[in-house]
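Reviewing the structure listed below.
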Amino acid sequence: MKTYYYVIERCADTGLFVGYVPGFAGAHSQAETLDELGENMREVIEMLLEDGEPKMETKFIGTQTVMVA
């Protein structure tokens, strides 16, 4: 079992949640709810892994907040 982290954004045009795994080509999806997005992301990652372990282009580290005046 391997853990993948994905970024979640909300599309301003459609209102849909959009998820993607940084550095994992093709590992992205969208959905109306966060639960649905989680299911979609699991499915797309499982599908991509059928072709073998990906060579990750980057490694997700995390997020930080910066305050700007």
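Below is a table of values for the structure above.
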quantity	calculated
Among the candidates Thr33, Thr63, residue that is among the hydroxyl-bearing types (Ser, Thr, Tyr) and either touching a residue at least 40 places away in the same chain (Cβ under 8 Å) or surrounded by 10 or more Cβ atoms within 10 Å (Cβ to Cβ) (or both)	Thr33
Residue check for Gly19: outside any loop (DSSP other than H, G, I, E, B), surrounded by 11 or more Cβ atoms within 10 Å (Cβ to Cβ) and without any contact (Cβ under 8 Å) to a residue 40 or more places away in the chain	yes
Qualifying residues in region 37-60 (those that are assigned to a loop (DSSP other than H, G, I, E, B) and in contact with a Gly (Cβ under 6 Å, 6 or more places away or on another chain)) - the one surrounded by the most Cβ atoms within 10 Å (Cβ to Cβ)	Met56
Test: residue in region 14-28 that is of a type in the set (S, T, N, Q) and within 12 Å of the chain's Cα centre (by Cα)	no
Residues that are polar (S, T, N, Q) and closer than 19 Å to Met1 by Cα, drawn from region 11-58	Asn40
Residue in region 52-68 that is aromatic (Phe, Trp, Tyr), touching a Leu at 6+ places or on another chain (Cβ under 9 Å) and at pLDDT below 95 present	no
Qualifying residue in region 27-34 (condition: assigned to a loop (DSSP other than H, G, I, E, B), of a type in the set (A, V, I, L, M), at pLDDT 90 or above and under 23 Å from Ala12 (Cα atoms))	yes
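The values are calculated or read from the model by the stated rules, or taken from the named source; none is laboratory data. Remember, it's a predicted structure, so these values are computed and weren't measured experimentally. Cβ coordinates were reconstructed from backbone atoms using ideal geometry, including for glycine residues, and neighbour counts include every protein chain displayed.
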